[in-house]
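In what follows, a structure is listed as structure tokens, so that the remarks can point back to it.
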Ligand SMILES: NC(=O)C1=CN([C@@H]2O[C@H](COP(=O)(O)OP(=O)(O)OC[C@H]3O[C@@H](n4cnc5c(N)ncnc54)[C@H](O)[C@@H]3O)[C@@H](O)[C@H]2O)C=CC1
Ligand SMILES: O=C(O)[C@@H]1CCC=N1
């Protein structure tokens, strides 16, 4: 199996590095191309992958093609490679708003997996939502599953839900980083050093996420375990409710979801 990556920005590089680290494929079976030659040279020296001369030669050498360019570049790239896709090849999209039907209207052959990964994939802690074109066999699905399992967990969902998954798991890391920054800023404001404040805040956030996943308890129940009667935490909870924290988060997720409609 040979994988080609078109676009070596944040996501392309994150997926590439985790696939190599997980030893899913050896670098000699990986082909990459980006219009930025600086990025390609850096990757060649760092990861020993094959640098393709252009997108077409990458597709000729690959069984699976991951399209890791921005949504507005998709059509250009799809038109560039369309005549080189046969029914044995798998195209993996990772862009919000690019439907299977949209890809199929440009490329008549090949199988299409539509996915939404997130940046924690870079450290093997990602989560990817996946949906497939109708012609996918179980064996083909396993190939796509293995790629994204190498960088975290996967959920398979109906295509009509995938842009919602994008907002909830792909955009939300940015909001969580803002939350971590804000907690740490408060800590610094009260006298902690920056490094200690970031460490305390980040671990509190990652540990709390793990508590939800590992205990299976409701987040509200876990919150109640922290808030002792007349204690310190309930005063913070009261303050967050006063400033509309839940409402702000809900609106942010919905705003991200609504933006997707204007991306194609
Ligand atoms: N950053 C994130 O958290 C996530 C991003 N995505 C999606 O992943 C895709 C890539 O996003 P990023 O990596 O953040 O963007 P990026 O801007 O970091 O990377 C895109 C890369 O594509 C290259 N490129 C542009 N035109 C090209 C062409 N014609 N041929 C080959 N390469 C070309 C650029 O030089 C750049 O290196 C986007 O569609 C984005 O919406 C999906 C999930 C999460
Ligand atoms: O905002 C973006 O372009 C990407 C898509 C999904 C998460 N971040």
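Test of understanding: among 143, 90, 116, which residue is buried (at least 22 other Cβ atoms within 10 Å of the Cβ) and farther than 19 Å from residue 70 by Cβ? First the steps, then the outcome.
Numbers: 143 fails: buried (at least 22 other Cβ atoms within 10 Å of the Cβ); 116 fails: farther than 19 Å from residue 70 by Cβ.
Step by step, each of 143, 90, 116 is checked, and only 90 is buried (at least 22 other Cβ atoms within 10 Å of the Cβ) and farther than 19 Å from residue 70 by Cβ.
Here's the yes/no breakdown for (1) without any contact (Cβ under 8 Å) to a residue 12 or more places away in the chain; (2) more than 11 Å from ligand 1 (Cβ to nearest atom); (3) under 17 Å from residue 11 (Cα atoms); (4) within 21 Å of the chain's Cα centre (by Cα):
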| site | (1), (2), (3), (4) |
| --- | --- |
| 43 | no, no, yes, yes |
| 51 | no, yes, no, no |
| 56 | no, no, no, no |
| 61 | no, yes, no, no |
| 74 | no, no, yes, yes |
| 79 | no, no, no, no |
| 82 | no, yes, no, no |
| 86 | no, yes, no, no |
Q. Just for strands (runs of 3 or more DSSP E) wholly inside segment 14-127: which have at least 1 residues that are within 16 Å of ligand 2 (Cβ to nearest atom) and outside the structural domain of residue 175 (by TED's automatic domain parsing)?
A. 64-67, 90-93, 111-116
Q) What is the one condition in (1) modelled with pLDDT of 95 or more; (2) farther than 18 Å from residue 122 by Cβ that residue 68 does not satisfy? A) (2)
Q | Looking only at segment 146-160, and only at residues there that are in a helix (DSSP H, G or I), in contact (Cβ under 8 Å) with a residue 12 or more places away in the chain and surrounded by fewer than 16 Cβ atoms within 10 Å (Cβ to Cβ), the one that is nearest to ligand 1 (Cβ to nearest atom) | A | 159
Q: Can you give me the ranges of the helices (runs of 4 or more DSSP H) entirely in segment 179-264 with at least 1 residues that are over 25 Å from the mean Cα position of the chain (by Cα), free of Cβ contacts under 8 Å to residues at least 24 places away in the same chain and outside the structural domain of residue 69 (by TED's automatic domain parsing)?
A: 194-215, 219-226, 233-242
(Q) Residue under question is residue 23, and the condition is that it be in contact with a strand residue (DSSP E or B) (Cβ under 8 Å, 6 or more places away or on another chain), loosely packed, with under 14 Cβ neighbours inside 10 Å and closer than 25 Å to residue 111 by Cα; does it hold? (A) no
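The values are calculated or read from the model by the stated rules, or taken from the named source; none is laboratory data. Please read these numbers as outputs of a predicted model, since none were measured by experiment. Here the Cβ is made from the backbone with ideal geometry for all residues, glycine too, and neighbour counts use every protein chain on show.
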